[in-house]
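Remarks on the structure that follows.
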Amino acid sequence: MNLENIAAAARACTLCAAHLPLGPKPIFRISRTARLLILSQAPGTRAHESGIPWEDASGDRLRDWLGLDKTRFHDAARIAILPTGLCYPGRLARGGDAPPRPECALLWHPRLLAPMTALKLTLLVGRHAIAGRLGPRAAASLERTVQDFAQPLRQGLFPLPHPSWRTKVWAAKRPWFETEVLPALRRAVAAALAAEPPVSR
Ligand code: SF4
């Protein structure tokens, strides 16, 4: 199956519809030529309504971290966006968004990622994305994992907190995030995006 057919199958998925309060609506963006992958957690209500990922204050913060304007961020040929759960998962009773549906990444990530052979860098945005690639212990010790970004970066992975308003407070208490992590992140993103495009076959 080619990438377009796999993406169409994912967009038609209803596997966990019974658990989704607003129903299935997978939000993701992939391409064979993408150099940078933003692996996130799950769409929020705004993305569910608009179908466009990261069009909110968290997206603005993420773009600032990456050193990208909206035009470059939404260049689908170079930047792919794949949540850990592709559909909005609803809210927790105690507040905050529910975690991504656990069956989703198991079902779709291997199929969607296999044809994306041009990727140079994957950003792991938030605990769920970090847990999926680096394991639950890395996600549980988020601060240490983010501070020790150099090790996963050697494998093409860059762990980050979710850029929510809470992280603004978190980052203000951890000046190393601004002075060490963000400059390295911007260099890694610029290098990935500057890489030669793949030869089309
Ligand atoms: S969250 Fe994932 S598994 Fe569930 S319906 Fe959406 S695409 Fe399918």
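Keeping every protein chain present and rolling a 1.4 Å probe, give me the accessible area per residue for the chain in Å². Working shown, then result.
Details: 10540 Å² over 201 residues.
With all protein chains present, the chain gives 52 Å² per residue.
GNM, the chain, Cα, under 10 Å: largest mean-square fluctuation among Thr33, Thr167, Thr122?
Maximum among the listed residues: Thr167.
With the Cα gyration tensor of region 1-103 giving a ≥ b ≥ c as the square roots of its eigenvalues, does the rule (a/c under 1.5 for rounded; else a/b larger than b/c for prolate; else oblate) give rounded, prolate or oblate?
Details: a/c = 2.30, a/b = 1.19, b/c = 1.93.
Oblate, because a/c is 1.5 or more while a/b does not exceed b/c.
For Gly126, what residues show an amide H to amide H distance below 5 Å, using hydrogens built from the backbone and excluding near sequence neighbours?
For Gly126, whose amide H was placed from the backbone, the distant partners under 5 Å are Leu160, His162.
Connecting C-alpha atoms closer than 10 Å in a GNM of the chain, tell me which of Arg101, Arg133, Arg144 has the biggest fluctuation.
Arg144
Percent antiparallel among DSSP beta bridges with both residues in region 3-194, to the nearest 5? Let's see the in-between values first.
Numbers: 2 of 15 bridges.
In region 3-194, approximately 15 percent of DSSP beta bridges are antiparallel ones.
Could you work out the relative contact order of region 1-128? I mean the mean sequence separation of Cα pairs under 8 Å and 6+ apart, divided by the number of residues, in percent. Write down the numbers at each step before the final one.
On the way: 209 pairs, mean separation 49.3, N = 128.
Once divided by the residue count of region 1-128, the mean separation gives 39 percent.
Among Ser164, Ser31, Ser141, whose mean-square fluctuation peaks in a Gaussian network model of the chain (Cα, cutoff 10 Å)?
The residue with the greatest mean-square fluctuation here is Ser141.
Can you give the calculated 222 nm mean residue ellipticity of the chain, where each DSSP H run of n ≥ 4 adds -39,500 (n - 2.57) and the sum is split over every residue, rounded to the nearest 500 deg cm²/dmol? Don't skip to the answer; put the middle values down first.
Numbers: 11 runs with 85 residues, N = 201.
Estimated from H runs of four or more residues: -11000 deg cm²/dmol.
Can you sort Ile52, Ile30 by 1.4 Å-probe accessible area, starting with the largest? Working shown, then result.
On the way: Ile52 75, Ile30 30 Å².
Largest accessible area first, the list is Ile52, Ile30.
Rounded to the nearest 20 Debye, what is the dipole magnitude of region 3-194 about its Cα centre when Lys and Arg each give +1 and Asp and Glu each give -1 at the C-beta?
Computed about the Cα centre, the dipole is about 240 debye.
On full extension of the chain, what length is gained from Arg94 through Arg72, given 0.36 nm per residue of separation minus the C-alpha to C-alpha distance? Mind dumping the intermediate values first?
Working: separation 22, 0.36 × 22 = 7.92 nm, distance 3.67 nm.
Full-extension gain reported as 4.3 nm.
Report the gain in length on full extension from Leu107 to Ala172: 0.36 nm times residue separation, minus Cα-Cα distance, nm rounded to one decimal.
Details: separation 65, 0.36 × 65 = 23.40 nm, distance 3.76 nm.
Full extension of this stretch gives 19.6 nm more.
One quarter of the convex hull surface, Cα atoms only: what value does that give for the chain in nm²? Intermediate results must be reported in sequence, preceding the final value.
Working: hull surface 45.0 nm².
The Cα convex hull of the chain, projected and averaged over all directions, gives 11.2 nm².
By average Cβ neighbour count within 10 Å, what is the ranking of 71-77, 54-60, 172-178 from highest down? Let's see the in-between values first.
Numbers: 71-77: 14.0, 54-60: 17.4, 172-178: 12.4.
Top of the packing list down: 54-60, 71-77, 172-178.
So which DSSP H runs in the chain come out at 15 Å plus along the axis (Cα) with average Kyte-Doolittle of at least -1.0?
On the way: long enough: 102-113 (17 Å, 0.35); 182-194 (18 Å, 1.22).
Span-like helices, by this rule, are 102-113, 182-194.
Please give the contour-minus-distance gain from Ser50 to Arg154: 0.36 nm per residue of separation, less the Cα-Cα distance, rounded to one decimal in nm. Spell out each step's value before the answer.
Details: separation 104, 0.36 × 104 = 37.44 nm, distance 3.55 nm.
Additional length available on full extension: 33.9 nm.
Could you sort the peptides 9-18, 35-44, 150-159 by per-residue average Cβ neighbour count (10 Å cutoff), highest mean leading?
Details: 9-18: 12.9, 35-44: 24.4, 150-159: 15.7.
Top of the packing list down: 35-44, 150-159, 9-18.
For region 140-154, take each phi angle, set θ = phi - 60°, evaluate the Karplus expression 6.51 cos²θ - 1.76 cosθ + 1.60, and give the result in whole Hz per residue in order, putting x for glycine and proline.
5, 9, 4, 4, 5, 4, 5, 5, 8, 4, 4, 5, x, 4, 5
The values are calculated or read from the model by the stated rules, or taken from the named source; none is laboratory data. Source: prediction; values computed, not measured. Methodologically, a virtual Cβ is constructed for each residue, glycine included, from the backbone with ideal geometry; neighbour enumeration extends over all protein chains shown. All accessible areas refer to the heavy atoms of the entire protein, side chains included, with ligands and DNA or RNA removed. Shrake-Rupley method; radii C 1.70, N 1.55, O 1.52, S 1.80 Å.
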